[in-house]
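Here the structure is laid out as structure tokens; the discussion comes afterwards.
The values are calculated or read from the model by the stated rules, or taken from the named source; none is laboratory data. Worth saying up front: this structure is predicted, and the values here are computed from it rather than measured. Every residue, glycine among them, receives a Cβ derived from its backbone with ideal geometry; neighbour counts consider all protein chains shown. Quick note on the areas: whole protein, heavy atoms, side chains included, nothing else; ligands and nucleic acids left out. Shrake-Rupley method; radii C 1.70, N 1.55, O 1.52, S 1.80 Å.
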Amino acid sequence: MAEEKSRTDISSDDIIRKYFDMVYHLALSQTRNVPFAEDVTQDVFIQFIQNEKIFETDEHIKAWLIRVTINRSKSVFRSAWMRKTVPLNEEITFDNPEKSEVYFAVQDLPSKYRAVIHLFYYEDMSVKEIAKCLKANDSTVRSRLHRGRELLKDKLKGGYDFV
């Protein structure tokens with residue numbers, strides 16, 4: 001019989017504290033709406049706590065949380081409620097106008113590009129880590145990063161060299 005494994009040596013509270021910001025910011029980048037991002041974040045951690053899945057490493061937990069966050073964010077827009085409502089425009093303010101332009105340009109990208117851009121630049125994940133989390137090929141992630149950067153350059157009219 002296989003040896004029993006514990007979920008991890010880390011408590012659920014520690015995992016929530018460690019990954020809360022990552023999950024919230026990813027949900028916000030996907031939903032583009034603060035209340036939806038809060039709901040998605042709450043749902044992800046409730047699902048994590050209720051989950052019986054055995055996680056072998058910290059990276060396994062992180063990958064699972066990213067995947068569930070992206071899937072849950074997508075499901076927000078498929079709900080019957082969303083098909084019958086019109087969102088209110090929320091204005092997010094920034095101290096630096098450059099950050100504002102880049103942020104809104106990223107938010108205008110299609111979801112598949114927005115996700116890889118967010119994970120690569122904001123979460124400092126490598127292409128290999130992103131591919132593993134999204135269950136995609138490395139070449140697919142590199143292609144989405146490249147296309148996302150090109151779309152950002154067009155949106156920002158080539159005004160920034162760091163994009």
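Residues in segment 106-123 that are outside any helix (DSSP H, G or I) and under 10 Å from the mean Cα position of the chain (by Cα): Glu123 alone. Just to be sure before I move on: is Ala115 closer than 27 Å to Phe48 by Cβ and at pLDDT below 90 in the structure I sent? Answer is yes for this residue.
Condition first: at pLDDT 90 or above and either touching a strand residue (DSSP E or B) at 6+ places or on another chain (Cβ under 8 Å) or acidic (Asp, Glu) (or both). Can you find one or more residues in segment 130-147 that meet it? Within segment 130-147 (the criterion being at pLDDT 90 or above and either touching a strand residue (DSSP E or B) at 6+ places or on another chain (Cβ under 8 Å) or acidic (Asp, Glu) (or both)), the answer is yes, since at least one residue qualifies.
Pairing residues of segment 25-38 that are among the charged types (D, E, K, R) with residues that are modelled with pLDDT under 90, at Cβ distances under 8 Å and at least 6 apart in sequence or on separate chains, gives Arg32/Gln107.
All conditions in (1) under 18 Å from Glu59 (Cα atoms); (2) surrounded by fewer than 19 Cβ atoms within 10 Å (Cβ to Cβ); (3) modelled with pLDDT of 90 or more hold for Glu123, with the sole exception of (3). Taking segment 148-163 as the range and being part of a loop (DSSP other than H, G, I, E, B) and at pLDDT 90 or above as the test, no residue passes. Taking the criterion of being assigned to a helix (DSSP H, G or I), modelled with pLDDT under 90 and among the polar types (S, T, N, Q), the residues of segment 13-49 that qualify are Ser29, Gln30, Thr31. What are the residues in segment 22-64 that are open to solvent by less than 20 Å² (accessible area, probe 1.4 Å) and among the β-branched types (Val, Ile, Thr), if any? Across segment 22-64, the qualifying residues are Val23, Thr31, Val40, Thr41, Val44, Ile61.
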